[in-house]
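Shown below is the structure under consideration.
The values are calculated or read from the model by the stated rules, or taken from the named source; none is laboratory data. Not measured: the values here are computed from a predicted model. A quick note on method: Cβ atoms are made from the backbone with ideal geometry, for glycine too, and the neighbour counts reach across all protein chains shown.
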Amino acid sequence: MWEMSEDREVLVGQPKQYPPELVTRLRIPFESGGCVESAYPVQFYDPNSGEPPHNLIGVFMKPRAAKAFRDFVPEMGAVINQVSKSGEFVDIVDLSTVGELANHMTSSTKPFYP
C-alpha cells in the first residue's frame with residue numbers, strides 16, 4: 001500500500017478515459033459489503049513517482065463500517081485485477097486520510113457510488 005509521505009504537487013482530474021466496466025464492477029462489493037459511503041474516479045499523476053497518469057478510485061468508508069478501508073482493499077483489488085487491462089495501473093485511496101486531495105476529488109468529480 002503506497003502512502004504519500006511528503007507534500008508534493010500532483011495532477012488530479014476527470015479520467016481521460018472513463019472506466020465504465022471498472023466502476024460498474026466495483027459497485028458489487030460496495031453494495032454487498034455495505035461499508036462504502038461514496039467513491040470517486042479520477043485520473044492521477046504524480047510527476048515524481050515515475051509512473052504514468054492512471055486511474056485512482058477515492059473511497060469514503062461509512063462511519064462505524066463493519067470493515068476498515070485497509071480490510072476492504074483486497075476485495076477492491078480483486079475487482080481491479082479482473083477488469084484492468086495488461087499494464088494498466090489503478091490506485092485506491094481512503095479519502096478520509098488525504099484531506100486536500102479528498103476536497104479536490106469531491107469538488108471536481110461526481111461520485112460513481114452511491
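Are any residues in region 23-69 at pLDDT below 95, of a type in the set (Gly, Ala, Ser) and within 17 Å of PHE89 (Cβ to Cβ), and if so, which ones?
Residues satisfying the conditions are SER49, GLY50.
Contact list please: Cβ distance under 7 Å, first residue in region 58-78 and closer than 14 Å to SER38 by Cα, second residue hydroxyl-bearing (Ser, Thr, Tyr) and assigned to a strand (DSSP E or B), pairs at least six apart or on different chains.
Between residues of region 58-78 that are closer than 14 Å to SER38 by Cα and residues that are hydroxyl-bearing (Ser, Thr, Tyr) and assigned to a strand (DSSP E or B), the close pairs are GLY58/TYR40; PHE60/SER38.
Do the conditions hold for ASP71, that is, is it among the acidic types (Asp, Glu) and either under 11 Å from the mean Cα position of the chain (by Cα) or within 17 Å of ASP46 (Cβ to Cβ) (or both)? So that I can check it myself, show each step before the final result.
Working: among the acidic types (Asp, Glu): yes; either under 11 Å from the mean Cα position of the chain (by Cα) or within 17 Å of ASP46 (Cβ to Cβ) (or both): no.
Against the criterion (among the acidic types (Asp, Glu) and either under 11 Å from the mean Cα position of the chain (by Cα) or within 17 Å of ASP46 (Cβ to Cβ) (or both)), ASP71 does not qualify.
For region 77-114, name all the residues that are exposed (fewer than 10 other Cβ atoms within 10 Å of the Cβ) and among the hydroxyl-bearing types (Ser, Thr, Tyr).
Of everything in region 77-114, those that are exposed (fewer than 10 other Cβ atoms within 10 Å of the Cβ) and among the hydroxyl-bearing types (Ser, Thr, Tyr) turn out to be SER86, SER107.
If a residue must be within 16 Å of LEU11 (Cα to Cα), out of contact with any Leu (no Cβ under 9 Å at 6 or more places or on another chain) and not in a loop (DSSP other than H, G, I, E, B), how many such residues does region 91-102 contain?
2
Could I ask something else about it? When you go through (1) surrounded by fewer than 18 Cβ atoms within 10 Å (Cβ to Cβ); (2) farther than 16 Å from VAL83 by Cβ; (3) of a type in the set (Phe, Trp, Tyr) one by one for PHE60, which number turns out not to apply?
(1)
A further question follows. What do you reckon, is ALA66 touching a helix residue (DSSP H, G or I) at 6+ places or on another chain (Cβ under 8 Å), crowded, with 18+ Cβ neighbours inside 10 Å and not aromatic (Phe, Trp, Tyr)? It would help to see each step written out before you state the result.
Details: touching a helix residue (DSSP H, G or I) at 6+ places or on another chain (Cβ under 8 Å): yes; crowded, with 18+ Cβ neighbours inside 10 Å: no; not aromatic (Phe, Trp, Tyr): yes.
Judged against the criteria, ALA66 is not a match.
Given the criterion crowded, with 17+ Cβ neighbours inside 10 Å and closer than 21 Å to THR24 by Cβ, identify the matching residue among PRO74, PRO41.
Working: PRO74 fails: crowded, with 17+ Cβ neighbours inside 10 Å.
One residue alone meets the criteria, PRO41.
Filter region 35-50 down to the residues that are more than 12 Å from the chain's Cα centre (by Cα) and over 12 Å from THR106 (Cβ atoms) and list them by number. Steps first, answer last, please.
Filtering region 35-50 down to residues more than 12 Å from the chain's Cα centre (by Cα) leaves 35, 37, 45-50.
Selection gives CYS35, TYR45, ASP46, PRO47, ASN48, SER49, GLY50.
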